[in-house]
1. Can you tell me how the stretch 1-148 classifies by the Cα gyration tensor, rounded, prolate or oblate, using a/c under 1.5 as the rounded cut?
2. Calculate for the chain the 222 nm mean residue ellipticity that helices alone would give, adding -39,500 (n - 2.57) per DSSP H run of length 4 or more and normalising by residue count, nearest 500 deg cm²/dmol.
3. How much FRET efficiency would the formula 1/(1 + (r/R0)^6) give for residue 83 and residue 202, where r is the Cβ-Cβ distance and R0 is 25 Å, rounded to 0.05?
4. Rounded to the nearest 20 Debye, what is the dipole magnitude of the stretch 28-97 about its Cα centre when Lys and Arg each give +1 and Asp and Glu each give -1 at the C-beta?
5. Which whole-Hz ³J(HN,Hα) couplings does the stretch 74-86 yield from phi under the Karplus relation 6.51 cos²θ - 1.76 cosθ + 1.60, θ = phi - 60°, glycine and proline marked x?
6. Report Rg (one decimal) and Dmax (nearest whole number) for the stretch 75-173, counting Cα atoms only, units Å.
7. In sequence order, what are the phi-derived ³J(HN,Hα) couplings for the stretch 202-216 according to the Karplus relation 6.51 cos²θ - 1.76 cosθ + 1.60 with θ = phi - 60°, rounded to whole Hz, with x for glycine and proline?
8. Residue 117 to residue 140: extension gain in nm, 0.36 nm per residue of separation minus the Cα-Cα distance?
Amino acid sequence: MHTTTPHNVSVTFFSFAKGHLLLPLCFFAAIIGVLEWTHTDMRLASELFHWQGGVNSWPLRGHWLTEGVLHVAGHYFVILLVLSVVIAIAMSFRNDTVKPYRKGLIFLFCSVLASVLLVRIGKSVTHMTCPWDVVEFGGSMLHSSLFARLPEGAEFGQCFPGGHTSGGFAWVALFYVFKEYRPGLAKFGLAFGIILGLAFGIAQELRGAHFLTHDLWSLAIAWTSSSLLYYAFFLRPQASKLPSAVRSMPFIKPQPHNRTA
C-alpha cells in the first residue's frame, strides 16, 4: 500500500493563493466582465429559447433527458457520491486500508458541503431571476444582472448562483484529493468535477432554469472553497510547525514521496 508522507516544504497562504486563487479568479473575473458587458446571458438564453421553438414556456423544461436524467437522476447521483464519501470516512476508523485516506475523505466531504451551502446562501441574498421567470421567455419578472439595481417594484428572483450545477462543480475538490494521494490522477479529478458541473449546467440552461453566468459563479465558488480548505487541511498544519524564517520562503510545489507499508 502506498501513502503520501507529509510535505517538508514551506507554504505561506499568500504564496499558495497566488497560483491557486489569484490567477484563476482573475481569469474568472475577466470572463464574467466580458459576459456582462456583452449581455451574453440574455442573448444565449434567447437563442436557446427560440431554438427549442419556445413561445410562452421552455419546451425542454420537462424533457426526459434534461429534467429526468440530468436534473432529477443527477441530483440523486450527487447524493450517492456524498453518501459514499461518508461511508468511506466511517470505514476509515475500522479498516486499515482506508485509514490513511481519512483526512482526504473528510476534506472532500467538507469541501463539497461548503460549496453547496455557499451557493445556497448566495441564492437567498441575491436578486437574479431564472430565465423561465423572465417576461421575454413567458414569465412575469424583469431580468436584472448581478451588478445592476433591481427595478423598482420588481421581485427578488433568488435564482443565483446555479444550485443544481454546484452539486457537480463541487467535485473539483477531487483535484486536491488526488494531488495528495495520487498526484498523477489530479487532472482527472478536476476533469470529473468540471464535466459533471457542465453537464448539469447545460441541462439547466436548456430548461430555462439558469443563465450561463449563474453556473460559472458556481464553479468559481466551488474552486475557491476547495482551495481554501485544501490549504487549511494539508498545507497550513505543516507550515505552522516551521520556524517563521522558513515559513517566509517562497512556495515550492510539494513533491510527495511514497513509502511502502
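What follows draws every value from the coordinates through simple rules; no lab data is involved. Because the structure is predicted, anything quoted here is derived from the model rather than measured. Please note: Cβ atoms are built from the backbone with ideal geometry, for glycine as well, and neighbour counts cover all protein chains shown.
1. Taking the square roots of the gyration eigenvalues as a ≥ b ≥ c, the stretch 1-148 is oblate.
2. Helix-only estimate at 222 nm: -16500 deg cm²/dmol.
3. Values: r = 25 Å, r/R0 = 1.02.
That pair, residue 83 with residue 202, gives E of 0.45.
4. I would put it at about 140 debye.
5. The phi angles translate into x, 4, 6, 5, 5, 4, 4, 4, 5, 4, 5, 5, 4 Hz.
6. My reading of the Cα-based Rg and Dmax gives 18.9, 61 Å.
7. Here the 3J(HN,Hα) series is 4, 4, 5, 5, 5, 7, x, 7, 8, 8, 4, 5, 4, 6, 5 Hz.
8. Contour length minus the Cα-Cα distance gives 5.4 nm.
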